Each structure stands twice: as structure tokens, then as C-alpha cells.
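Notes for the one structure printed next.
The values are calculated or read from the model by the stated rules, or taken from the named source; none is laboratory data. From a predicted model like this one, the values you see are computed outputs, not experimental measurements. All Cβ positions, glycine included, derive from the backbone under ideal geometry; neighbour counts span all protein chains shown.
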């Protein structure tokens, strides 16, 4: 690990801690060249599938895109950032466990929707309107009817 201050490749680990969720290790390091300290994070790099966009383009899976979409859906709603991060992590885990090389962006959205339906109905409809590409009020009405049936059942 190169020191971010002087570029020296030699350092020593002073402290290591596992994160609360067990998904990464935080290491406190000290450069043997300049003596300054810095922190690194180590986590397993999972092989995630490429996402096939609606126009046919392929791009690497990016959990941050899910977080951004959820943040817009939950705008001015009483749901905290921790819940948004948890949904994004659950979807990322589910997709990673599929073991596929590619996944349609539509399927990613469809995996998010049931989680939103349980958290917040307004955010669910906002997110669904984008991922399901609602064209008119009839599309909204159908989705709301489905949501009402799910809520009643």
C-alpha cells in the first residue's frame, strides 16, 4: 500500500477492525517513510453482472445508482438513509447470488419494488412510475389498484 502523503510503499498496520456488518475491515496504517497515519478499507470484491440498459447498452452494476433512485423516490418521505442503504444492499446481494453474467435494468428495478412496497407506498409509486415507464393516468391507476389489493391482502 503506497502512502497517500509521500508515496512510500512501506507501511505497518497499527489497528484492524471489522465493520459492524462484517462486510469490510478497517485498517489504520502508519507510513514507515514519513510516519503519517492513514486508514484503508478492505472488502471482498464480488463479481457482479453487467446491467443491460433499455437501449441495449451494457454497463457495470452500480449500487450507487439504486441508492440515487431510492433517494429521489423517498424525497420528503419519513424514511431514513439507513433504510435506503439497506434496500440497496439487499438488492445487490440478491443480484450477486443469481450468478449470471448479465441482468436487465428492468429486472433490477423489479427487485427493488417489493421492498419499497413494504417501506413506503408513496415511494413505491414514484419508483414504479419510472421503472415501469408509466405513459398516462391509466398506468398510475392500475398500479395504485394493485397496491391497494396487496395492502388489503
Determine which member of the set 149, 126, 135 is in contact with a helix residue (DSSP H, G or I) (Cβ under 8 Å, 6 or more places away or on another chain) and modelled with pLDDT under 90.
-> 126
Evaluate the following for residue 20: is it at pLDDT below 90, outside the structural domain of residue 129 (by TED's automatic domain parsing), assigned to a loop (DSSP other than H, G, I, E, B) and more than 22 Å from residue 126 (Cα to Cα)?
-> yes
Is it the case that some residue within the range 23-34 is touching a strand residue (DSSP E or B) at 6+ places or on another chain (Cβ under 9 Å) and modelled with pLDDT under 90?
-> yes
Would you call residue 54 part of a loop (DSSP other than H, G, I, E, B) and within 20 Å of the chain's Cα centre (by Cα)?
-> yes
Matching residues in the range 67-106 (within 15 Å of the chain's Cα centre (by Cα), in a loop (DSSP other than H, G, I, E, B) and surrounded by fewer than 18 Cβ atoms within 10 Å (Cβ to Cβ)) number 1
Apart from one, (1) surrounded by 14 or more Cβ atoms within 10 Å (Cβ to Cβ); (2) out of contact with any strand residue (DSSP E or B) (no Cβ under 6 Å at 6 or more places or on another chain); (3) closer than 30 Å to residue 110 by Cα all hold for residue 53; the odd one out is (1)
Test residue 10 against the stated conditions and say whether it is surrounded by fewer than 13 Cβ atoms within 10 Å (Cβ to Cβ) and out of contact with any strand residue (DSSP E or B) (no Cβ under 6 Å at 6 or more places or on another chain).
-> yes
Check on residue 64, part of a helix (DSSP H, G or I) and in the same structural domain as residue 124 (by TED's automatic domain parsing) | yes
Checking 89, 94 in turn, the sole residue that is out of contact with any helix residue (DSSP H, G or I) (no Cβ under 7 Å at 6 or more places or on another chain) and under 20 Å from residue 51 (Cα atoms) turns out to be 89
